[in-house]
Amino acid sequence: MKLEILSSRPDKITGGDALVHVDGADDNVHVMLNGKDVSSVFTADGHGLTGLVGNLSLGSNVLQAESGGRRTTLDVRNYPRQGPVFSGPHEQPFVCETAQFTIPVIGGTLGAPLDADCTVKPRVDYFYRTTAGTFAKWPVGTTSYPADLAKTDDGDPFIVRMETGNANRAVVQTTMLHDPLREATPTPTRRSSSWNGRAIFTLGGGCAGGWHRSGSTTGGVTDAFLLGRGYALMSSSLNVFGQNCNDLTAAESAMMTKELFVEHYGRPEYTVGFGCSGGSYQAHQITDNYPGIFDGIIVGCSFPEVGFGTISFISDSWLLDSYFNKSSIAWTQEQKRQVAGFATYATLPSMAAGANRIDPRRNCDIVPAAQRYDPVANPRGVRCDVFDHAINTYGADPSTGFVRRPLDNVGVQYGLGVLKSGVITPSQFLDLNEHVGGFDADANLVPARTVADPQAVRTAYRTRRLTNGGGGLKDVPIIDYRAYFDTQSYGDIHVRYHTFSMRARLEKANGTSANQVSLLEDARYGLFSTESPLLQHAIDSMDSWLTVLDADGTSRPRIDKIVAAKPDTLVEGCRGPDGFVAQPLNRDPASRCEQLFPSASFPREVAGAGVAADIIKCKLRALVRSDYPAFSDAQWTRLRTIFPGGVCDWSKPGVGQQRRPIGTWQ
């Protein structure tokens with residue numbers, strides 16, 4: 001006989017209730033919570049007994065099952081429904097946006113919150129798919145099907161049940177197919193016959209402005225393709241990075257959202273993390289740092305994480321663009337583009353503008369004006385930026401009270417690669433690196449290079465804030481779908497090299513990236529739309545992959561199981577004008593996919609860094625004269641003045657970098 005918490009980890013229950021399973025139990029089993037008999041809530045499920053046990057006390061609790069002289073005990077820990085569990089103290093101020101939260105399909109808003117934790121009254125709504133290909137509200141009180149009701153691919157009535165509630169100060173929504181005219185309300189032991197037993201967790205994008213707010217939307221729970229395939233969908237407003245740009249809170253919210261879903265509907269056979277851009281940050285970091293929430297991930301327009309793969313990329317762009325705009329020497333647009341490494345010059349000024357997420361004074365409209373930070377008028381005010389939003393992780397600098405920042409460009413030789421190829425002159429290279437500068441604590445451009453706080457750097461590596469790839473990511477299937485946006489005329493942030501950054505990290509951590517498959521096509525369907533046949537193929541392939549993987553009961557290594565379970569029809573490659581090209585996507589310039597969709601580069605790779613983009617602060621080495629054969633004596637002397645402590649040695653791990661960070665679920 002075995003006791004198991006189905007809805008969460010036993011040490012991280014929230015809200016005072018948990019879905020409990022007693023395996024191997026007979027009809028005479030008695031289940032006790034803290035000495036009180038709760039057997040009446042349990043129902044036979046074919047494999048034992050399952051029941052939603054409530055009235056857990058905050059903190060420690062003891063569950064006990066006894067039958068025929070056999071006894072088993074499980075210690076559990078309960079936290080408040082509003083959190084926190086592991087993300088640290090709640091940020092303040094925190095603005096409830098429930099009155100701005102429009103209910104999908106149904107219309108109207110959730111109205112004012114019931115309390116300071118943004119609580120709303122739980123509700124259930126139904127809507128249906130019409131034969132015209134739209135969603136419509138289910139007629140209240142109807143006892144017959146609407147004339148324009150569509151059917152799913154399996155021939156079921158396309159009727160969707162949507163639940164709305166709360167967890168972790170966020171609005172939580174779940175959807176699944178359910179026919180209220182022919183079936184009773186679903187429960188953990190009585191499932192909707194139209195649900196395929198699988199769940200997809202949608203993760204919303206963005207970052208700038210993603211702080212001090214509950215959010216007015218989720219990652220989306222009304223996707224017709226996914227619902228039509230029979231998937232249940234779930235998301236929360238704090239799993240939209242444009243509303244919460246903090247991976248810890250996002251992981252905690254995902255855990256609590258899934259817990260609510262399981263308590264209402266039972267444990268899915270698997271749950272897939274599904275998101276683009278800021279959604280990919282979440283999918284990668286939640287899976288690596290808090291394994292078990294997602295069983296596989298499908299990411300689009302991906303980045304490894306927000307704090308490094310993205311921030312260094314856009315902050316370097318800000319420095320370069322600012323330098324070029326004020327440079328006293330001539331630069332052609334093509335030279336600027338090649339120093340930045342991007343496929344199109346427009347990406348450089350576009351990324352420079354996007355770097356405002358490191359400025360504590362911008363993207364702060366959600367905070368009342370009187371509470372906002374101002375270096376003169378309100379120096380202890382609320383700072384609105386991606387680093388201060390993560391102060392629970394990095395801690396505060398005792399001298400300023402500001403967050404310790406893991407941002408650094410000391411020793412970076414901007415433009416080194418194109419200096420060596422002859423695209424820019426020694427004079428241009430020297431002037432650039434002499435005047436490119438850095439940022440102060442308020443993201444003001446200053447002449448000196450940016451120096452990272454050493455404690456913040458160690459913390460980022462130790463706690464996997466920089467995605468390592470060797471935690472939970474090594475044990476799940478990953479499909480990286482990318483619509484090619486590198487050459488958009490406006491300069492899009494979602495450039496292709498980030499996929500290779502994540503792959504390089506997987507290989508460094510695990511010796512292989514065999515659990516990651518990359519798919520690539522043009523931008524005709526947008527960044528991440530299930531209207532794309534290639535993304536649909538990814539979704540169907542992930543279903544097959546996880547189904548076969550789950551059935552593998554052998555004792556062989558997990559990576560071997562993942563490789564063996566991968567469908568033969570899931571082949572890496574790109575969709576070109578003449579159809580799908582099956583080939584490894586590895587930046588080989590001779591390959592057809594690389595010719596169709598060049599992966600280009602980024603400022604630090606041009607400066608000599610690897611594509612993994614995983615070095616926060618580089619170790620320095622002495623300058624070597626022979627590395628700069630075209631330099632005159634005067635230029636060599638000037639270079640030594642620019643880099644008195646030496647230049648980046650990209651062949652070595654970064655300062656404080658650890659191959660094996662501390663464990664997961666920190």
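The values are calculated or read from the model by the stated rules, or taken from the named source; none is laboratory data. These figures come from a predicted structure and were not determined experimentally. Counting neighbours? That spans all protein chains shown, and the Cβs are built from the backbone with ideal geometry, glycine included. These area figures cover heavy atoms from the full protein model, side chains too; ligands, DNA and RNA do not enter into them. Shrake-Rupley method; radii C 1.70, N 1.55, O 1.52, S 1.80 Å.
Is it the case that Phe241 is open to solvent by 10 Å² or more (accessible area, probe 1.4 Å) and over 21 Å from Val120 (Cβ atoms)?
Working: open to solvent by 10 Å² or more (accessible area, probe 1.4 Å): no; over 21 Å from Val120 (Cβ atoms): yes.
Here the answer is no, as Phe241 does not meet what is asked.
Against the definition (under 24 Å from Asp475 (Cα atoms) and of a type in the set (Ser, Thr, Tyr)), how does Thr664 come out, yes or no? Before you say what the answer is, go through the steps one by one.
Numbers: under 24 Å from Asp475 (Cα atoms): yes; of a type in the set (Ser, Thr, Tyr): yes.
Criteria met by Thr664.
Mind checking which residues of segment 567-586 are touching a Ser or Thr at 6+ places or on another chain (Cβ under 8 Å) and of a type in the set (D, E, K, R)?
Glu572 - this is the single residue of segment 567-586 that is touching a Ser or Thr at 6+ places or on another chain (Cβ under 8 Å) and of a type in the set (D, E, K, R).
Given the conditions (1) out of contact with any Pro (no Cβ under 7 Å at 6 or more places or on another chain); (2) open to solvent by 20 Å² or more (accessible area, probe 1.4 Å); (3) in contact (Cβ under 8 Å) with a residue 24 or more places away in the chain, which single one is not true for Thr425?
Thr425 satisfies every listed condition except (3).
Could you check, for segment 541-552, whether at least one of its residues is under 22 Å from the mean Cα position of the chain (by Cα), open to solvent by less than 70 Å² (accessible area, probe 1.4 Å), within 21 Å of Cys301 (Cα to Cα) and among the small types (Gly, Ala, Ser)?
Yes: segment 541-552 contains one or more residues that are under 22 Å from the mean Cα position of the chain (by Cα), open to solvent by less than 70 Å² (accessible area, probe 1.4 Å), within 21 Å of Cys301 (Cα to Cα) and among the small types (Gly, Ala, Ser).
Quick one: Lys137 ticks every box in (1) in contact with a Lys or Arg (Cβ under 8 Å, 6 or more places away or on another chain); (2) at pLDDT 95 or above; (3) over 15 Å from His264 (Cα atoms); (4) not hydroxyl-bearing (Ser, Thr, Tyr) bar one, so which box is it?
Unmet for Lys137, out of (1) in contact with a Lys or Arg (Cβ under 8 Å, 6 or more places away or on another chain); (2) at pLDDT 95 or above; (3) over 15 Å from His264 (Cα atoms); (4) not hydroxyl-bearing (Ser, Thr, Tyr): (1).
When you go through Phe294, Phe261 one by one, which is the residue that is under 20 Å from Glu163 (Cβ atoms) and either among the hydrophobic types (A, V, I, L, M, F, W, C) or touching a residue at least 12 places away in the same chain (Cβ under 8 Å) (or both)? Spell out the reasoning first.
Working: Phe294 fails: under 20 Å from Glu163 (Cβ atoms).
Selected residue: Phe261, the only one of Phe294, Phe261 that is under 20 Å from Glu163 (Cβ atoms) and either among the hydrophobic types (A, V, I, L, M, F, W, C) or touching a residue at least 12 places away in the same chain (Cβ under 8 Å) (or both).
Please enumerate the residues belonging to segment 622-634 that are surrounded by fewer than 16 Cβ atoms within 10 Å (Cβ to Cβ) and not small (Gly, Ala, Ser).
Taking segment 622-634 and keeping what is surrounded by fewer than 16 Cβ atoms within 10 Å (Cβ to Cβ), we get 622, 624-627, 629-630, 632-634.
The answer is Val624, Arg625, Asp627, Pro629, Asp633.
Pairs please, first residue from segment 204-231 and within 21 Å of Ser541 (Cβ to Cβ) and open to solvent by 30 Å² or more (accessible area, probe 1.4 Å), second anywhere and hydroxyl-bearing (Ser, Thr, Tyr) and in a loop (DSSP other than H, G, I, E, B), Cβ atoms under 6 Å, 6+ apart in sequence or on different chains.
Asp223/Thr530; Phe225/Thr530
Of all the residues that make up segment 507-566, how many are in a loop (DSSP other than H, G, I, E, B), more than 24 Å from Gly228 (Cβ to Cβ) and in contact (Cβ under 8 Å) with a residue 24 or more places away in the chain?
Of segment 507-566, the ones in a loop (DSSP other than H, G, I, E, B) are 511-515, 522-532, 552-557, 566.
From the residues that got through so far, the ones that are more than 24 Å from Gly228 (Cβ to Cβ) too are 511-515, 522-523, 552-557, 566.
Then drop every residue that is not in contact (Cβ under 8 Å) with a residue 24 or more places away in the chain, which leaves 512, 514-515, 522-523, 566.
Selection size over segment 507-566: 6.
Test each condition in (1) under 30 Å from Gly24 (Cβ atoms); (2) touching a helix residue (DSSP H, G or I) at 6+ places or on another chain (Cβ under 9 Å) for Val120 and report the one that comes out false.
For Val120, the exception is condition (1).
For Val563, indicate whether it is open to solvent by less than 60 Å² (accessible area, probe 1.4 Å), modelled with pLDDT of 95 or more and among the β-branched types (Val, Ile, Thr).
no
Within segment 610-631, track down each residue that is assigned to a loop (DSSP other than H, G, I, E, B) and touching a residue at least 60 places away in the same chain (Cβ under 8 Å). Before you say what the answer is, go through the steps one by one.
So the first thing to find is which residues in segment 610-631 are assigned to a loop (DSSP other than H, G, I, E, B), and the list is 610-619, 622-624, 628-631.
Hits for segment 610-631 are Gly610, Val611, Ala612, Ala613, Asp614, Ile616, Lys617, Cys618, Tyr628, Ala630, Phe631.
Within segment 381-397, which residues are surrounded by fewer than 22 Cβ atoms within 10 Å (Cβ to Cβ) and either among the aliphatic types (A, V, I, L, M) or touching a Gly at 6+ places or on another chain (Cβ under 7 Å) (or both)?
Answer for segment 381-397, where residues must be surrounded by fewer than 22 Cβ atoms within 10 Å (Cβ to Cβ) and either among the aliphatic types (A, V, I, L, M) or touching a Gly at 6+ places or on another chain (Cβ under 7 Å) (or both): Val382, Ile391, Asn392, Ala396.
Which helices (runs of 4 or more DSSP H) sit wholly inside segment 346-464 and have at least 1 residues that are under 29 Å from Val655 (Cα atoms) and under 23 Å from the mean Cα position of the chain (by Cα)? Let's see the steps before the verdict.
Numbers: elements: 347-354, 391-394, 416-420, 426-435, 454-462.
Passing ranges, in order: 347-354, 391-394, 454-462.
Could you tell me which residue of segment 1-45 is most open to solvent (accessible area, probe 1.4 Å), considering only residues that are part of a loop (DSSP other than H, G, I, E, B) and acidic (Asp, Glu)? If you could, list the steps in order and put the result at the bottom.
Here is the first cut: in segment 1-45, the ones part of a loop (DSSP other than H, G, I, E, B) are 1, 6-12, 15-17, 24-29, 34-35, 38, 45.
Pick out the ones that are also acidic (Asp, Glu) and you get 11, 17, 26-27, 45.
Working: Asp11: 59, Asp17: 32, Asp26: 63, Asp27: 150, Asp45: 52 Å².
Applying the filter and picking the extreme gives Asp27.
Restricting attention to segment 61-99, and to residues there that are small (Gly, Ala, Ser) and closer than 27 Å to Ser236 by Cβ, which single residue is surrounded by the most Cβ atoms within 10 Å (Cβ to Cβ)? Before the answer, list the steps.
At the first step, the residues of segment 61-99 found to be small (Gly, Ala, Ser) are 65, 67-69, 83, 87-88, 99.
Applying the additional criterion that residues be closer than 27 Å to Ser236 by Cβ yields 83, 87-88, 99.
Values: Gly83: 23, Ser87: 20, Gly88: 16, Ala99: 12.
The qualifying residue surrounded by the most Cβ atoms within 10 Å (Cβ to Cβ) is Gly83.
Regarding segment 638-661, can at least one residue be identified that is open to solvent by less than 70 Å² (accessible area, probe 1.4 Å), over 30 Å from Gly438 (Cα atoms), assigned to a strand (DSSP E or B) and touching a strand residue (DSSP E or B) at 6+ places or on another chain (Cβ under 7 Å)? Walk me through it before giving the result.
Of segment 638-661, the ones open to solvent by less than 70 Å² (accessible area, probe 1.4 Å) are 639, 642-643, 645-650, 654-658, 661.
Narrowing further to those that are over 30 Å from Gly438 (Cα atoms): none.
No.
Which one of these is in contact (Cβ under 8 Å) with a residue 40 or more places away in the chain, of a type in the set (S, T, N, Q), open to solvent by less than 40 Å² (accessible area, probe 1.4 Å) and closer than 20 Å to Asp385 by Cα: Thr450, Thr400? Reasoning before the result, please.
Numbers: Thr400 fails: open to solvent by less than 40 Å² (accessible area, probe 1.4 Å).
Step by step, each of Thr450, Thr400 is checked, and only Thr450 is in contact (Cβ under 8 Å) with a residue 40 or more places away in the chain, of a type in the set (S, T, N, Q), open to solvent by less than 40 Å² (accessible area, probe 1.4 Å) and closer than 20 Å to Asp385 by Cα.
Please give the number of the condition Ile479 fails out of (1) under 21 Å from Gln282 (Cα atoms); (2) of a type in the set (A, V, I, L, M); (3) part of a helix (DSSP H, G or I); (4) open to solvent by less than 10 Å² (accessible area, probe 1.4 Å).
(3)
What is the one condition in (1) over 30 Å from Pro139 (Cα atoms); (2) at pLDDT 95 or above; (3) part of a loop (DSSP other than H, G, I, E, B) that Pro113 does not satisfy?
(1)
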